[in-house]
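Take a look at the structure below.
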Amino acid sequence: GLYYADFISFYSPTQLCGGGTLQSSINYLKAGNLGDVLTIRGECVHQGRTTCVVDVDITNQDGRNVCKATFTMFVTGQRSEDRQVRI
């Protein structure tokens, strides 16, 4: 479980939102075995002004889903000029 969580916690915030985790839900669906080749796929399903929602799946070499996670994350850092909020 912690092996999957390490993969997910590194992948989703640093690669998709650049922010910190506000809420997470991780479901371990199948045990991973020594020698398995795991693939992580993340998708930002909501990109808001202050938060984003990320779905993450981990599959094994047979294409079977071994872990499913959803994160709500704070958006941090500077936004690009076209995404700035004007007041």
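The values are calculated or read from the model by the stated rules, or taken from the named source; none is laboratory data. Predicted model, so just to flag it, every value in this text is computed and none were measured. So basically every Cβ, Gly included, is an ideal-geometry build from the backbone, and we count neighbours across all protein chains shown. Just the protein is used for accessible areas: all its heavy atoms, side chains included, with ligands, DNA and RNA removed. Shrake-Rupley method; radii C 1.70, N 1.55, O 1.52, S 1.80 Å.
Assess whether GLY1 counts as being out of contact with any helix residue (DSSP H, G or I) (no Cβ under 8 Å at 6 or more places or on another chain) and at pLDDT below 75.
yes
Take segment 48-64 and flag every residue that is open to solvent by 70 Å² or more (accessible area, probe 1.4 Å) and touching a residue at least 24 places away in the same chain (Cβ under 8 Å).
Once the filter is applied, which keeps residues that are open to solvent by 70 Å² or more (accessible area, probe 1.4 Å) and touching a residue at least 24 places away in the same chain (Cβ under 8 Å), segment 48-64 yields ARG49, THR50, GLN61, ARG64.
Yes or no, residue by residue, for (1) outside any loop (DSSP other than H, G, I, E, B); (2) on the phi > 0 side of the Ramachandran plot; (3) at pLDDT below 75:
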{"position": "PHE10", "(1), (2), (3)": "yes, no, yes"}
{"position": "SER24", "(1), (2), (3)": "yes, no, no"}
{"position": "ALA31", "(1), (2), (3)": "no, no, no"}
{"position": "VAL54", "(1), (2), (3)": "yes, no, no"}
{"position": "GLN61", "(1), (2), (3)": "no, no, no"}
{"position": "LYS68", "(1), (2), (3)": "yes, no, no"}
{"position": "THR72", "(1), (2), (3)": "yes, no, no"}
{"position": "GLN78", "(1), (2), (3)": "no, no, yes"}
